[in-house]
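What follows is one structure encoded as structure tokens, with my remarks underneath.
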Amino acid sequence: QVQVRESGGGLVQEGGSLRLSCAASGGIFSASAMGWYRQAPGKQREWTATITSSGNTIYADSVKGRFTISRDNAKNTVYLQMNNLKPEDTAVYFCRRDYISRAYWGQGTQVTVSS
């Protein structure tokens with residue numbers, strides 16, 4: 001069964017850092033594109049960053065230069081390093097795995113940035 005599970009969220013002050021992890025199981029992780037999305041209260045879920053199966057990365061303009069997505073295929077895990085966090089980064093962060101034309105989502109992890 002293909003699954004993903006996020007961890008690493010929490011409360012941090014403005015300007016601080018957090019690293020989110022997304023552990024994947026089932027299927028072939030190295031063949032999966034992985035992405036991070038976020039959803040703030042009262043807003044739609046928005047795309048944040050993607051890393052392809054070959055390791056190419058792309059970012060939303062709102063996080064470019066502050067967030068870094070990476071993957072460790074040996075650990076079946078993708079990471080989101082978030083630096084210089086801002087209050088507007090407060091959201092539930094979701095991991096998405098694209099594998100054999102299907103998308104698999106985790107339950108999300110809460111990130112709260114206080115000013």
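Results, tabulated for the structure shown:
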item	result
Search result, residues across region 61-111 that are of a type in the set (A, V, I, L, M) and either within 11 Å of the chain's Cα centre (by Cα) or under 15 Å from Leu18 (Cβ atoms) (or both)	Val63, Ile69, Val78, Leu80, Met82, Leu85, Ala91, Val92, Val111
Index of the failed condition, Ile100 passing every other in (1) at positive phi; (2) open to solvent by 50 Å² or more (accessible area, probe 1.4 Å); (3) touching a strand residue (DSSP E or B) at 6+ places or on another chain (Cβ under 7 Å)	(3)
Selection within region 83-93 - buried (at least 21 other Cβ atoms within 10 Å of the Cβ) and either basic (Lys, Arg) or within 20 Å of Val2 (Cα to Cα) (or both)	Tyr93
So Ser62, is it touching a helix residue (DSSP H, G or I) at 6+ places or on another chain (Cβ under 7 Å) and without any contact (Cβ under 8 Å) to a residue 60 or more places away in the chain	no
Single residue of Gly15, Gly65, Gly35, Gly27 found to be surrounded by 16 or more Cβ atoms within 10 Å (Cβ to Cβ), of a type in the set (Gly, Ala, Ser), modelled with pLDDT of 95 or more and not in a helix (DSSP H, G or I)	Gly35
Qualifying residues in region 68-82 (those that are surrounded by 16 or more Cβ atoms within 10 Å (Cβ to Cβ) and either of a type in the set (A, V, I, L, M, F, W, C) or in contact with a Leu (Cβ under 7 Å, 6 or more places away or on another chain) (or both)) - the one nearest to Val2 (Cα to Cα)	Val78
Qualifying residue in region 44-57 (condition: modelled with pLDDT under 95, over 19 Å from Thr109 (Cα atoms) and surrounded by 13 or more Cβ atoms within 10 Å (Cβ to Cβ))	no
Filtered residues of region 85-115 (kept if part of a loop (DSSP other than H, G, I, E, B) and either among the β-branched types (Val, Ile, Thr) or closer than 18 Å to Asp61 by Cα (or both))	Leu85, Lys86, Thr90, Ile100
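The values are calculated or read from the model by the stated rules, or taken from the named source; none is laboratory data. Just so it is clear, the model here is predicted, and its values are computed rather than measured. Quick reminder, even Gly has a Cβ in these numbers, built from the backbone with ideal geometry, and neighbours come from all protein chains shown. Heads up: the accessible areas ignore ligands, DNA and RNA and are worked out on the full protein's heavy atoms, side chains in. Shrake-Rupley method; radii C 1.70, N 1.55, O 1.52, S 1.80 Å.
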